[in-house]
Amino acid sequence: MAGASGGTLLKVCRRFYLCVSRAGYHPVEFLVSELSVARSLLESKTSDKGTLPIGVGYIAWVLEKYPSKDSEALISAALDANVQALWFAFGDDMGRWIRYVRENAPKGKAPLIFVQVNSVDEAVNAVEQLKADVIVAQGIESGGHGGNYAPPLSDLLQTILARFSGSPQAPVVLAAGGLANGIDVASHIARGASGAVMGTRFLLTPESKYTNAQREALLAAGSEDTIRSMAFDYARDALGWPEGVDGRGLRNDTVADFEQGVDLELIRAKYKEAMQNQDRKRLLVWAGTGVGSMNRIMPARDVMEDLQRELEYQSKHDVNPSARLQ
Ligand SMILES: Cc1cc2nc3c(=O)[nH]c(=O)nc-3n(C[C@H](O)[C@H](O)[C@H](O)COP(=O)(O)O)c2cc1C
């Protein structure tokens, strides 16, 4: 997750949970150092040269913005670290980077390719053209960036699964967007997802790189307090997102000023000051609609254990949940 993951959050990774760290906003040295932190934290679970059980996420338009050699170096750093997966999202030419991965991965050690999609057409492209190993179906409820054209997660998931039903190319599909707990995850698994991706839930951990003020804002928020907007990308001057991509975060005065057409330079100045002072009224806090059900800051390990317990409870008490949902 851009700006929030990495470092110690990666410590909770296990074989079956893939944590995605981010690349692209930082020089390659930063990524190399994060990967070495991950390697040392997960040492007991990996041999020296074994697969590193994490993924690295790339925002494709950011890769496209920099000289090819710099972007390729970012991908090569992850390949050299032998990470388990690479994740691509938000770009018009993801194929270019995925080709680079396939051409440069050491023989027999190609990472899994995850592609995040917001529509069935994007899923078809990811499967048929990009040959993605895993599709992340990201619904409109999701925190952080996503397509403003995405349908609600349940609809998106159902359409994608129906499109590939019975096809030899049927992909592994993960559900993302607005999920707060194991019950939410179980309901999408019952609908046919192979698993789920959660972002906002992990912001409410001491290990995330969010500040105390950002975490407190998340704790105080209800699900009605989030909004999709470009306000924060204008305020922090992070523009270049593909057409139709915006971000869901907590509504605050930065958003209100943007909506009312306040002068951009003024919004930027106030935003900069707020980030310095950690003023919750204007801070950037990405959040999905599930935030209203998240009421505690707890260690990432405990989040994982809770999720596991909730999922197990659900499967014990609902032997055939998919039948119930049909
Ligand atoms: C702080 C934050 C940063 C994110 N950064 C990225 C990113 O760099 N690349 C990406 O593909 N998705 C990113 N996402 C979206 C997540 O991959 C995921 O789709 C989303 O968090 C799921 O919704 P949820 O937050 O409601 O769980 C981010 C989400 C958050 C909350």
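Values in this text are rule-based calculations from the coordinates and carry no lab data. Just so it is clear, the structure is predicted and the values come from calculations on it, not from any experiment. When we count neighbours, we look across all protein chains shown, and the Cβ atoms used for this are built from the backbone with ideal geometry, even at glycine.
Among the listed pairs Lys209/Lys270; Lys209/Lys316; Lys209/Lys281; Lys109/Lys209; Lys209/Lys272, which are separated by more than 24 Å between their Cα atoms? In this structure, Lys209/Lys316; Lys109/Lys209 lie more than 24 Å apart at Cα. Between the amide H of Trp87 and those of Val56, Gly57, Tyr58, Phe114, distances stay under 5 Å, these residues lying 5 or more places away or on another chain, with hydrogens modeled in the peptide plane. Distances between placed amide hydrogens fall under 5 Å for Val136 paired with Val115, Gln116, Val117, Leu174, all partners being 5 or more residues away or on another chain.
Kirkwood radius and radius of gyration were both taken over the C-alpha atoms of segment 115-229, and their ratio Rg/Rh is 1.01. Measuring r between the beta carbons of Asn295 and Leu266 and using R0 = 41 Å, the FRET efficiency lands at 0.70.
When the chymotrypsin sites (Phe, Trp or Tyr not before Pro) in segment 138-234 are filtered for DSSP coil states and for at most 15 other beta-carbon atoms within 10 Å of their beta-carbon, the remaining sites are Tyr149. Between Val32 and Val172, the simple label model (points 7 Å from Cα in the Cβ direction) yields a spacing of 3.0 nm. Each residue of segment 262-268 was assigned a 3J(HN,Hα) from its phi angle through the Karplus expression (A = 6.51, B = -1.76, C = 1.60, θ = phi - 60°), giving 4, 3, 4, 4, 5, 4, 5 Hz with x at Gly and Pro. Here, segment 54-115 yields an orientationally averaged convex hull projection of 3.6 nm² when only Cα atoms define the hull.
Rounded to the nearest Hz, the phi-derived 3J(HN,Hα) couplings of segment 121-128 under the Karplus curve 6.51 cos²θ - 1.76 cosθ + 1.60 (θ = phi - 60°) are 5, 5, 5, 4, 4, 5, 7, 7, where x marks glycine and proline.
Secondary structure note: in the chain, about 25% of the DSSP beta bridges are antiparallel. Here the convex hull built on the C-alpha positions of segment 118-320 has a volume of 125 cubic angstrom per residue.
Amide H contacts for Gly195 (H built 1.01 Å from N in the peptide plane; partners 5 or more residues away or on another chain; cut-off under 5 Å): Ala175.
Of the trypsin sites (Lys or Arg not before Pro) in segment 235-326, the ones in a loop by DSSP (not H, G, I, E or B) with at most 13 other beta carbons within 10 Å are Lys281, Arg296.
Starting from the Kirkwood Rh over alpha-carbon pairs, what translational D in µm² s⁻¹ does segment 194-307 have by Stokes-Einstein at 20 °C and 1.002 mPa s?
Stokes-Einstein gives a translational diffusion coefficient of 144 µm²/s.
Shown in residue order for segment 278-293 are the 3J(HN,Hα) couplings computed by the Karplus curve 6.51 cos²θ - 1.76 cosθ + 1.60 at θ = phi - 60°: 6, 7, 4, 5, 10, 4, 7, 9, 5, 6, x, 5, x, 4, x, 9 Hz (x for Gly and Pro).
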